[in-house]
Amino acid sequence: MKYTGKIATFLILLFAALFPITGSTIMNSEDIRARLIFEAYRRAFPDRIDSIEYRNEEWTAVIDGDRFYWARGRILPEADRGRWTLYRPYVFYTYPDQLRDPRSLSPEQIAKLRAQGEAEARLTGVDHHPAFRAALYGSSSRGGAEKRLAKTTLFGKRVNVHGRIVDALGKVDRAVREAAESDQEVAAFLNGIGSIGGYNWREIRGTSRRSFHSWGLAVDIQPARLGGKITFWEWERERNPDWMLAPLERRWMPPKKVVQAFEKEGFAWGGKWDFYDTMHFEYRPELHEMKKVLASVSEAREFSESAADLAGFERSREEPAAR
Ligand SMILES: [Zn+2]
């Protein structure tokens, strides 16, 4: 506890020095979390985030002149700031370097995941306020999303995606093809692709939550043959209450080099989530930037992990989402 307290004090002082609040010297852990996430967004989307400012005792981010308040992780426009209890907080997690073996899950973690999975199946809970992501990705409607789409080719398949990720996918495509020249596993993966899904306007079943596919910011790589392997937590949950313990060998996965090529370009792979979705890659450059910001707080890896804990980030966590 003493050690944690010291790190907390040090972290607060360091953050206060890095990201000073004009006219105030106090920063609590919620402020640190807010500042860190907005900073990660600013680095990931420098053309979208106009500024990050401390206003009315809270961190805010400005997009196209509209101000968004942290609001305990709900990220709300000014008008809805006081109604934070009505909305689901966004989930930010420290994107893991390694795939976690489910055998390392504790009984408490298993019970928690089971309860969360069941709650999701009953469609309980509240939804995100849609305004922040709509502003960030430049579309709040189906028509707006479709205006931002571009046709591209990934691994030889045509796919519609947000114009923003065309270059990134091009780099992934080149890196994977290059790897396939000397790596049989990667070559077999490319040959085995059945189809690739990108843009798909849809709400997450029973909610008004948008999937990243609704902005064209996610791709699903579907193999021609699954060979009986598991891909999606919810399908597994329908027949196995211990879906979270499904061994990694039984899950369909792209080769590690493919996952790394996507990650290098700002994507998160759904196979690393506790609520796994192994075909799914979504554009989350802010998660990768968040890790860099944490690392810049201290060079020491051990320390940055403590910093992540203190800022309240979970590891390999994404909220349950129907595809
Ligand atoms: Zn998907």
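Read the figures in this text as sums done on the coordinates, not as results from a lab. The structure presented is a predicted model; accordingly, all values stated were derived computationally and were not measured. As a convention, Cβ positions derive from the backbone with ideal geometry for all residues, glycine included, and neighbour counts pool all protein chains shown.
Brief remarks follow.
- Amide H contacts of W59: W70, each under 5 Å away and 5 or more positions distant or on a separate chain (H built 1.01 Å from N in the peptide plane; Pro and chain starts excluded).
- Note that segment 224-240 has calculated 3J(HN,Hα) couplings of 4, 10, 8, x, x, 7, 8, 10, 9, 4, 6, 5, 5, 4, 5, 10, 9 Hz, one per residue in order, obtained from phi through the Karplus relation 6.51 cos²θ - 1.76 cosθ + 1.60 (θ = phi - 60°); glycine and proline are x.
- Fewest-first ordering of V161, V91, V219 by other beta carbons within 10 Å of each residue's beta carbon gives V91, V161, V219.
- Sites R100 and D183, calculated FRET efficiency, Cβ-Cβ separation with R0 30 Å, nearest 0.05: 0.80
- Each of the peptides 93-99, 268-274 was scored by the mean count of other Cβ atoms within 10 Å over its residues; in descending order, highest first, they stand as 268-274, 93-99.
- For E39, E118, order by how many other beta-carbon atoms lie within 10 Å, fewest first: E118, E39
- Calculated from backbone phi, Karplus (6.51, -1.76, 1.60) coupling profile of segment 149-160 in Hz, x at Gly/Pro: 7, 9, 8, 9, 10, 10, 6, x, 10, 6, 8, 9
- Note on K257 and D66: the extension gain reaches 64.8 nm, defined as 0.36 nm multiplied by sequence separation minus the Cα-Cα distance.
- For the pair S195 and S51, a Förster radius of 30 Å applied to the C-beta separation gives a FRET efficiency near 0.10, rounded to the nearest 0.05.
- Cβ-Cβ FRET estimate between A111 and N28, R0 fixed at 25 Å, reported to 0.05: 0.25
- Amide H to amide H distances under 5 Å link F267 with R284, where only residues 5 or more positions off or on other chains count and H is placed in the peptide plane.
- Residue order for L113, L190, fewest other beta carbons within 10 angstrom first, comes to L190, L113.
- Across segment 93-284, the mean sequence separation of Cα contacts (distance under 8 Å, 6 or more residues apart), normalised by length, yields a relative contact order of 22 percent.
- Phi angles across segment 257-270 convert, under the Karplus curve 6.51 cos²θ - 1.76 cosθ + 1.60 with θ = phi - 60°, into 3J(HN,Hα) values of 5, 5, 4, 5, 5, 5, 4, 4, 9, x, 8, 10, 9, x Hz, Gly and Pro given as x.
- Order by protection proxy (mean Cβ within 10 Å, highest first), peptides 235-241, 31-37: 31-37, 235-241
- The convex hull defined by the C-alpha atoms of segment 93-284 has an orientation-averaged projected area of 11.2 nm².
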